[in-house]
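Participant: What follows is a structure written as structure tokens; I'll ask about it next.
The values are calculated or read from the model by the stated rules, or taken from the named source; none is laboratory data. Note that the structure is a prediction, hence the values are computed from the model and not measured. Cβ sites come from the backbone with ideal geometry, for glycine too, and all protein chains shown count toward neighbours.
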Amino acid sequence: MKEDQYTAKLENEIDLYKQMLDLIDVGVHAIDENGNTVVYNKKMMEIESLKRSDVLHKNVLDLFVFQDEMHSTLVQALRTGKQTVHAKQTYHNYNGKEITTINHTYPLVRDGLIQGAVEISNDVTKLERLIHHNMKKKGSTRFTFDSIIGQSPAFLEVIEHAKRATRTSSYVLIVGETGTGKELFAQSIHNGSSRSSGPFITQNCAALPDNLIESLLFGTQKGAFTGATDQPGLFEQAQGGTLLLDEINSLNPGLQAKLLRVLQEKRVRRLGSTKEIAVDVRVIANMNEDPVDAIAGGRMRKDLFYRLGIVTLFIPPLSERKEDIPTFVSHFIQKYNELFQMKVKAADEEVLALFQAYDWPGNVRELEHVIEAGMNMMMDEDYLCMHHLPYHFRFKHREGRPAAQLQTNPLQHTAADTFIYTSPEHTTDFQTQMERFEKQYIVHYLEKMDDNISQTAKLLGMSRQSLQYRMKKLHISR
């Protein structure tokens, strides 16, 4: 009878200890001398996303994946008798979930022999994700539509179209030359949409070789190739947010086909896996050439363009909206005044005239770099002048250059090609005369090229979409 009472009392105490372990807000995991789990509390179940029945009496190395066995602080304590405190440990459970903990691990010793080990863990997985997410939000998505500078009609139209795109989750294709601000538009669309609280992840598709970009985009399954681990791809990481794919036309056709399938099915399969994972991601893609040219040159699949280009934004180059240059100059001078602790008032008239005459192949980015370089050369002057500008920039425009060197239009017209402007009305209004001149000029060369828009655009040294925009603006129908 006494033995039965002792057994009942012992079982009662063990039950109380189990309840106590389940009430504390740290994970507790203990193993015996063989590495099998004997204690596994409720908090540890939450941290590692496993049930107690899945873990108890099973070997820790059969349930969790470490870089190697000795990266397990529990196994290390069991085999060496070494205790560790405040040790950060990242590993995976057998379902592939990544876990990061801060551990205090101790060997359990009785009669001088190691009988097991116990680990007390604090979960930092969610904290690290939150920190990483906030860093991305602050560092990568700082731009909104208020950050976009420009008042030219063509540019304002693009901004308006981009704002309308924030209302839906349709895919967006942004086309523009290098330095026109494509990522600024992408960030503004993300921040103006219902996905603004989700992640914003950017990947330059030209920055990595094909085999790496594929595993980066879609993720990998352990065993897919030598050294492969269970790793989520960018689509999984961008879940609920936006994935920006820069230079999409640099992907090879095979990868473009795989990307197209993900966009259509909204499901992704990691390399080496047979399991498909549903993804809720808005994709915004950038490219720095006309999609028509990219398709014709085999650099972009036509079906991918149709899928991505549900909303297509063409950002005009700076050379086509020079009326915005004074605004940019003022903005960048103010920006570098704050950074360099300077008090430059403005650029002088000679500099502004030079900026207006230049074609800016590097677009807004080039303009900013020229102003930054110029302000680095200034001391206490109030105005940015010609002698402050970089030598290579001034050299292109030095006085007395032969006319042939100043030629920016690549066309070589013969006398028979000469365009003669005739004003239908006598007016001194500059804007009216310029619009009439531009309309007659475009019509003249459209007729010369038998109304072939692509050939006319090439002849005039502009992109097809720029010519189409000008035709629409000037009411030229063909």
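The rows are residues; the columns are (1) touching a strand residue (DSSP E or B) at 6+ places or on another chain (Cβ under 6 Å); (2) in a helix (DSSP H, G or I); (3) at pLDDT 90 or above.
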{"position": "K137", "(1), (2), (3)": "no, yes, no"}
{"position": "R142", "(1), (2), (3)": "no, no, no"}
{"position": "Q151", "(1), (2), (3)": "no, no, no"}
{"position": "L156", "(1), (2), (3)": "no, yes, yes"}
{"position": "R164", "(1), (2), (3)": "no, yes, yes"}
{"position": "I174", "(1), (2), (3)": "yes, no, yes"}
{"position": "E177", "(1), (2), (3)": "no, no, yes"}
{"position": "E183", "(1), (2), (3)": "no, yes, yes"}
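Participant: Could you please find all residues in segment 259-279 being surrounded by fewer than 18 Cβ atoms within 10 Å (Cβ to Cβ) and of a type in the set (D, E, K, R)?
Facilitator: R261, E265, K266, R267, K275, E276
Participant: Which of the residues that make up segment 445-458 are surrounded by fewer than 19 Cβ atoms within 10 Å (Cβ to Cβ) and aliphatic (A, V, I, L, M)?
Facilitator: Matches in segment 445-458: M449, I453.
Participant: While we're on this one: Restricting to segment 260-274, name every residue that is in contact (Cβ under 8 Å) with a residue 24 or more places away in the chain and of a type outside the set (A, V, I, L, M).
Facilitator: Answer for segment 260-274, where residues must be in contact (Cβ under 8 Å) with a residue 24 or more places away in the chain and of a type outside the set (A, V, I, L, M): Q264, R269, R270, G272, S273.
Participant: Working only within segment 280-302, note down all residues that are buried (at least 23 other Cβ atoms within 10 Å of the Cβ) and assigned to a loop (DSSP other than H, G, I, E, B).
Facilitator: If the condition is that a residue be buried (at least 23 other Cβ atoms within 10 Å of the Cβ) and assigned to a loop (DSSP other than H, G, I, E, B), then V281, M300 are the ones that fit.
Participant: Given the conditions (1) in contact with a Pro (Cβ under 9 Å, 6 or more places away or on another chain); (2) surrounded by fewer than 23 Cβ atoms within 10 Å (Cβ to Cβ); (3) assigned to a strand (DSSP E or B), report the number of the one that Q239 does not fulfil.
Facilitator: (3)
Participant: If you take the residues in segment 58-105 that are loosely packed, with under 14 Cβ neighbours inside 10 Å and of a type in the set (D, E), which one is nearest to M44 (Cα to Cα)?
Facilitator: Among those that are loosely packed, with under 14 Cβ neighbours inside 10 Å and of a type in the set (D, E), it is D62.
Participant: Quick one: which residue in E350, E381, E323 is over 30 Å from L251 (Cα atoms), over 28 Å from the mean Cα position of the chain (by Cα) and touching a residue at least 60 places away in the same chain (Cβ under 8 Å)? So that I can check it myself, show each step before the final result.
Facilitator: Working: E350 fails: touching a residue at least 60 places away in the same chain (Cβ under 8 Å); E381 fails: touching a residue at least 60 places away in the same chain (Cβ under 8 Å).
Result: E323 is the single residue among E350, E381, E323 that is over 30 Å from L251 (Cα atoms), over 28 Å from the mean Cα position of the chain (by Cα) and touching a residue at least 60 places away in the same chain (Cβ under 8 Å).
Participant: If you don't mind, another one. Those residues that are farther than 14 Å from M378 by Cα and surrounded by fewer than 16 Cβ atoms within 10 Å (Cβ to Cβ), I need them from segment 340-354; list them, please.
Facilitator: If the condition is that a residue be farther than 14 Å from M378 by Cα and surrounded by fewer than 16 Cβ atoms within 10 Å (Cβ to Cβ), then E349, E350, L352, A353 are the ones that fit.
Participant: Okay, moving on. Any idea which of (1) touching a Gly at 6+ places or on another chain (Cβ under 9 Å); (2) modelled with pLDDT of 90 or more; (3) in a helix (DSSP H, G or I) is the one S188 doesn't satisfy?
Facilitator: (1)
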